[in-house]
Amino acid sequence: MNSNPSNAMALTSTTSNKKETVCIFGTGDFGRALAYKMIQSGYSVVFGSRQVQISSLIPKGAEVLSHTEAAQKASIIFIAIPRQHYNFLLPLAEVLNGKVLVDVSNNLKLNQYSQSNAEYLAQLIPGAKVVKAFNTVSAWALQSGTLDASRQVFVCGDDKKAKQMVMDIVRALGLTPLDQGSLLAAQEIENYPLQLFPMWKFPIFLSLGLIAFFFFYCLIRDVIYPYVNEKKDFSFFIAISIANRICPILALILLALVYLPGVLAAIIQLYRGTKYSRFPDWLDKWMLCRKQLGLVALAFAFLHVLYTLVIPIRYYVRWRTNSGVISQALNNRTDQFNNSNAWLSDSYLALGILGFFLFVLLGITSLPSVSNSVNWREFRFVQSKLGYLTLILCTAHTLVYGGKRFLYASSYRWYLPNAYMLSLIVPCIVLVVKFVLVLPCLDKPLTRIRQGWERNPRYSE
Amino acid sequence: MNSNPSNAMALTSTTSNKKETVCIFGTGDFGRALAYKMIQSGYSVVFGSRQVQISSLIPKGAEVLSHTEAAQKASIIFIAIPRQHYNFLLPLAEVLNGKVLVDVSNNLKLNQYSQSNAEYLAQLIPGAKVVKAFNTVSAWALQSGTLDASRQVFVCGDDKKAKQMVMDIVRALGLTPLDQGSLLAAQEIENYPLQLFPMWKFPIFLSLGLIAFFFFYCLIRDVIYPYVNEKKDFSFFIAISIANRICPILALILLALVYLPGVLAAIIQLYRGTKYSRFPDWLDKWMLCRKQLGLVALAFAFLHVLYTLVIPIRYYVRWRTNSGVISQALNNRTDQFNNSNAWLSDSYLALGILGFFLFVLLGITSLPSVSNSVNWREFRFVQSKLGYLTLILCTAHTLVYGGKRFLYASSYRWYLPNAYMLSLIVPCIVLVVKFVLVLPCLDKPLTRIRQGWERNPRYSE
Amino acid sequence: MNSNPSNAMALTSTTSNKKETVCIFGTGDFGRALAYKMIQSGYSVVFGSRQVQISSLIPKGAEVLSHTEAAQKASIIFIAIPRQHYNFLLPLAEVLNGKVLVDVSNNLKLNQYSQSNAEYLAQLIPGAKVVKAFNTVSAWALQSGTLDASRQVFVCGDDKKAKQMVMDIVRALGLTPLDQGSLLAAQEIENYPLQLFPMWKFPIFLSLGLIAFFFFYCLIRDVIYPYVNEKKDFSFFIAISIANRICPILALILLALVYLPGVLAAIIQLYRGTKYSRFPDWLDKWMLCRKQLGLVALAFAFLHVLYTLVIPIRYYVRWRTNSGVISQALNNRTDQFNNSNAWLSDSYLALGILGFFLFVLLGITSLPSVSNSVNWREFRFVQSKLGYLTLILCTAHTLVYGGKRFLYASSYRWYLPNAYMLSLIVPCIVLVVKFVLVLPCLDKPLTRIRQGWERNPRYSE
């Protein structure tokens, strides 16, 4: 019933398979958590430390030796100490010669040093084979086994065999190794755990900018204008009415911005007559964050739905309806039923519902586990065909919502058009250009270009 | 800082581990993308091409040689050229002898050729070991690294060692190989990327058929009948009112169809007295697309919820409510509060809410990543127990919604019953039969049959 | 075109790679399903059975031999028979010596035997290398290929090489092996498929208890009190009104309980001055089921949203609104518009909408596939920062909903305060204590403690 037989292993070899010994330099949180997990997975662990006394925190079954002794016992050594103390390895250079050193360190800031920790280590001990790994895994996750955040371990290194050894350990611990190539990738890997949603930055800052703009725009039109002209206080509009103007506007604009770069790329390819010249950098970046743009748009659509559905519960709306009914009753007058109003109201709601439904479908298919289970053709069908259908439905929803409003003078307070009109500009441009691109006279050459045809080929195979 | 040392590698061997060399025939999009990814992952790549001049499109670090020279440099050769040009390999048969040929090709149509491309290749070069792989991965995904659509690479081949070599490469590129067996599976693998939601076809065509039927049914009852009889124009009902009749009907029927095959299978097993004879083919197919049926049902339930929640916002509903109130006020009359109406209204809404809630729960647990994290007993508990509870709640919701309506003559316009009554047929049958099957006198033999007991055993172990 | 060449293989070796032969003891459902899958993946399968005659159920290509003969043909033997029959292996001990025995058995109850099946097997045949695996996979899933429930195969065993062999087979079948360490883990692995949402038990029982309490509390206040005092029958409130009181209360309390253990842990760490002493057991368990608590809270919030949005459709609400309007009209009186009421109503709805939106976001990020694709810092940002923001918004939503109600005598029927007031206790405590902990005078020492600093260090490195 001895689950930590590592000490015994060093002396005798009672079982048929000798357990591999790994060495860990540094008895801090991460070193101990790693040791704990490795012993659990059947490895024999020896710590290299300045102080050889065994603390109660050291996992049971692990030995603690001096750095030199520990290094001699294993062919693979985890360097679980901060970069600032790497210097102390210099006197050990000889014993570390030919060993695999695993750099698990992280920095506190993005690009803190010009050289990555792993490359610095490789330069300090040129005789060792340095592999970068495990820096994205937290000590707490290792020890508690709740590896919710990520099971992926990025691995890079110049020595292929050393990298393979580390990746085998990663797999043995129940994690997934991802080979990132040579040690040059270490900088990127070290930056990875310090990043905070890098792909989301552009969509979120763009949204914040648009929110600020449309908030003040609507504030002027819907709150300040009636206050100045009619001395009516509609400040409470801020909580729901204005929010429910901003959300659909942002949802529509951001959704259109998902499809705009594809349209631009098609124009560029048609103009250049080849697909083999690179797009401008901003277009490349824009195309890479389309998924995030779409999901932010979905979030605003979701908020719009909630804001719309609570309308009948709002005190203001209930009061307005009731006082309208009462004044009709008191004046002995009944509004006539208007069939075209019924059509407009119902079809704008129906378009919105269908658009939102497809939008949610798009969102679900962009979940990693769902998109992994469809093939490329299916993924493109959903993201392109269904995506354009969503854009068409949402644009139509807004158009029908507006109806004839753009003809009324009351829609132009202080010459400012209703906010929904502004939101229609980008989606209408995208849809019109896309419609033009789908015409056979443009679609045919574009398809040929995308299959590799070039108008002015540079070489022929 | 040289990240593409492959050319140097051919001459000298400065590092301790020699990089493996792979050969790629064909310098088209896929060949180049594959080369790019392989060089990134530490392989040395040599292209075989008719034209040995290096184009700017060839990834840095790759060599371009004649086919024969390139083939001699590597033990594994990727054939990244279309099937029509496979003939040119015939003169190379000798140099390809014993090599691993990886067929990455795709066709344009399902079952385009009677023989799969990979089998055709194996027949052309009988001395080579042909492995089918990579055809489900797109060039663009390889090059950009955005492998959203799928990380799975289906691999098949008759030679186990060759297959293992290819699977190692797949893993090294950060993808997941899935062994599909012998080269016989190539046809299926080549068809895979051409499929468009094959499992969804039956549920979607069934839904479209049912939608068409119920649309005309409701159109006749709700729009044409009042127009013919009372000259009232209710055509605007199409947008929301009729849609909100069709959606719950389809949700309920499709949900019942998820559980009907299980009930049929139980009856067949009881009748035959064994579980070891195959079900009819249609039943097998039906059982395999139950998940898709359920998800389509959920989509209709979701639409039903949205259509229902916008009811108070509709112009028609607001007008009808207001004119009702005004006429009451003008006639100095107040409707009495009816307690049983309040009970009916609230309980049908509550049943619907709870049913929809469980339905969403079922949907969430059928997400691949969620169903992967539960064990078999938990999965069955959710899909069977919670599923039947959902069906019971949704059927009860419909029954209470109907209430006494089926007794009123007005529910039978032109002898056509209200559409909701039709929707109750299938779920009621399923629930009644299931209830009978759960009775001990039938449940006990069924359980024994499912544990392997046979009424007329064919052999005893 | 022979896809089952295993029998031929035993005689001749026509292909370059000899297929590995595995032996299966037992021709029951699981044994046959396993054989079917293995033959499909290119293995050669031989059954060991008491009866050597081939049944029609045996997969094509598999041989059936006596136990001894079958065992001699393979180095790895799957024991697909129930534990009660393990005794029959005793006479085979000699031929099983040195073989890898894979125990695939399951029990019917949790902890049915004091010793796990695999350990019992290892004790019976001490010369064999026993590996526990495959018990979480069902025969049906293996045969039909619909491995929805789980692709994970837990593997444990004392012999590392034997374990590796089994894990290779698991991978070859397209499944994912997870090394669980030595054979001591077998008990846990055997219990795994018998568990039914063990992490969800505490949250669900807690919810049921709270539901029962708040149901009777609201029943007394909202149904029994008006019946006793005013002889009014509000029994129909049970379906929606009371449900819509209980759901938000539970959502808020459970959400606060997600963050309470973190706050308690911080207080304990501050008090002890170290992070290296273990938390009390109940706190550890509580912290491990926070995710489940949060998801149950989200479920109640979702129900609350649905219950709230159907309010305007309810017969009771429509009747109450209409009769209020009619009585105003008949009395020639109009309610004045109250600006602060509009502010309160709109801001409580807006807070609720935003809170629910963030809640849904938290739920989505806790999906396994989503949480796997973010790094540790991002996961903590969402779960901690956004989580607290959600709690603040939901608490504010409840506070604004209450408004000045707590001052009115009518809120205290039979001295019982309104139920929403009770729901505010836990979240307010959590938020106040968290606010205190964030003050620099406490935050600084806490951060240092969490970085490993100890007030009374036990040893210095």
Exercise for the section: Select from the range C:46-89 the residues that are part of a loop (DSSP other than H, G, I, E, B) and charged (D, E, K, R) and write down the one among them that is farthest from the chain's Cα centre (by Cα). Expected result: C:Arg50
Exercise for the section: Starting from the range B:281-302, take each residue that is of a type in the set (Phe, Trp, Tyr) and list its partners that are surrounded by fewer than 20 Cβ atoms within 10 Å (Cβ to Cβ) and part of a helix (DSSP H, G or I), counting only C-beta distances under 7 angstrom and pairs at least six apart or across chains. Expected result: B:Phe302/A:Phe357
Handout entry: Subset tally (residues that are out of contact with any Ser or Thr (no Cβ under 7 Å at 6 or more places or on another chain) and surrounded by fewer than 20 Cβ atoms within 10 Å (Cβ to Cβ)) for the range A:176-188
Key = 3
Practice task
State which residue is farthest from the other protein chains (Cβ to nearest Cβ) when the search covers only the range B:363-382 and only residues that are open to solvent by 20 Å² or more (accessible area, probe 1.4 Å) and out of contact with any helix residue (DSSP H, G or I) (no Cβ under 8 Å at 6 or more places or on another chain).
Solution key: B:Arg380
Practice task
Within the range B:155-163, identify whether any single residue is in a helix (DSSP H, G or I), touching an Asp or Glu at 6+ places or on another chain (Cβ under 7 Å) and in the same structural domain as B:Ser44 (by the TED database), and answer yes or no.
Solution key: yes
Problem - Filter result for the condition that a residue is small (Gly, Ala, Ser) and within 12 Å of chain B (Cβ to nearest Cβ), over C:Ser66, C:Ser49 - result: C:Ser49
Practice task
Kindly indicate whether B:Phe406 is facing another protein chain (nearest Cβ under 7 Å) and surrounded by fewer than 17 Cβ atoms within 10 Å (Cβ to Cβ).
Solution key: no
Exercise for the section: Test C:Val102 against the stated conditions and say whether it is assigned to a loop (DSSP other than H, G, I, E, B) and surrounded by 18 or more Cβ atoms within 10 Å (Cβ to Cβ). Expected result: no
Completion exercise
Sole miss for C:Ser41 among (1) at pLDDT below 90; (2) open to solvent by less than 60 Å² (accessible area, probe 1.4 Å); (3) more than 34 Å from the chain's Cα centre (by Cα) is condition (3)
Handout entry: Residue satisfying all of: in the range B:198-254; in contact (Cβ under 8 Å) with a residue 40 or more places away in the chain and among the basic types (Lys, Arg); surrounded by the fewest Cβ atoms within 10 Å (Cβ to Cβ) among these
Key = B:Arg221
Practice task
Write out, first by first residue and then by second, each pair whose Cβ atoms fall under 7 Å of each other, whose residues are 6+ apart or on separate chains, and whose first residue, in the range C:313-328, is more than 7 Å from chain B (Cβ to nearest Cβ) while the second is surrounded by fewer than 19 Cβ atoms within 10 Å (Cβ to Cβ).
Solution key: C:Val317/C:Ile311; C:Gln328/C:Thr334; C:Gln328/C:Asp335
Problem - Conditions (1) closer than 30 Å to B:Ser373 by Cβ; (2) within 7 Å of chain A (Cβ to nearest Cβ); (3) among the small types (Gly, Ala, Ser); number of the one not met by C:Ser347 - result: (1)
Problem - Close pairs from the range B:441-455: first more than 17 Å from C:Ala139 (Cβ to Cβ), partner polar (S, T, N, Q), Cβ under 7 Å, at least 6 apart - result: B:Leu446/B:Gln269; B:Arg455/B:Thr274
Exercise for the section: Give the residue, chosen from B:Pro248, B:Pro261, B:Pro280, that is more than 13 Å from every other protein chain (Cβ to nearest Cβ) and in contact with a Lys or Arg (Cβ under 7 Å, 6 or more places away or on another chain). Expected result: B:Pro261
Practice task
Would you check if B:Asn191 is touching a Leu at 6+ places or on another chain (Cβ under 9 Å), in contact (Cβ under 8 Å) with a residue 60 or more places away in the chain and either surrounded by 16 or more Cβ atoms within 10 Å (Cβ to Cβ) or under 27 Å from A:Pro177 (Cα atoms) (or both)?
Solution key: yes
Exercise for the section: Tell me, please, whether a residue that is in a helix (DSSP H, G or I) and within 18 Å of C:Val258 (Cα to Cα) can be found in the range C:408-424. Expected result: yes
Handout entry: Those residues of the range B:155-196 which are touching a Pro at 6+ places or on another chain (Cβ under 8 Å) and more than 10 Å from every other protein chain (Cβ to nearest Cβ), in sequence order
Key = B:Val155, B:Val166, B:Val170
Practice task
Could you tell me whether any residue of the range C:23-31 is under 22 Å from C:Ala128 (Cβ atoms), modelled with pLDDT of 80 or more and either over 41 Å from the mean Cα position of the chain (by Cα) or surrounded by fewer than 20 Cβ atoms within 10 Å (Cβ to Cβ) (or both)?
Solution key: yes
Problem - Residue ID - modelled with the lowest pLDDT, chosen from residues in the range A:112-139 that are part of a helix (DSSP H, G or I) and touching a Phe, Trp or Tyr at 6+ places or on another chain (Cβ under 9 Å) - result: A:Ala139
Completion exercise
C:Leu446 vs (1) away from chain A (no Cβ under 12 Å); (2) open to solvent by less than 30 Å² (accessible area, probe 1.4 Å); (3) outside any helix (DSSP H, G or I): all pass except (3)
Problem - A:Ala301, sole failed condition from (1) touching a Phe, Trp or Tyr at 6+ places or on another chain (Cβ under 7 Å); (2) more than 14 Å from chain C (Cβ to nearest Cβ) - result: (2)
Exercise for the section: Please work out if C:Phe337 is open to solvent by less than 50 Å² (accessible area, probe 1.4 Å), within 7 Å of chain A (Cβ to nearest Cβ) and among the hydrophobic types (A, V, I, L, M, F, W, C). Expected result: no
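The values are calculated or read from the model by the stated rules, or taken from the named source; none is laboratory data. What you are looking at is a predicted structure, and each value in this text was computed from that prediction instead of being measured. Quick reminder, even Gly has a Cβ in these numbers, built from the backbone with ideal geometry, and neighbours come from all protein chains shown. Ligands, DNA and RNA are stripped out before the accessible areas are found, and what is left, the full protein with its side chains, is counted by its heavy atoms. Shrake-Rupley method; radii C 1.70, N 1.55, O 1.52, S 1.80 Å.
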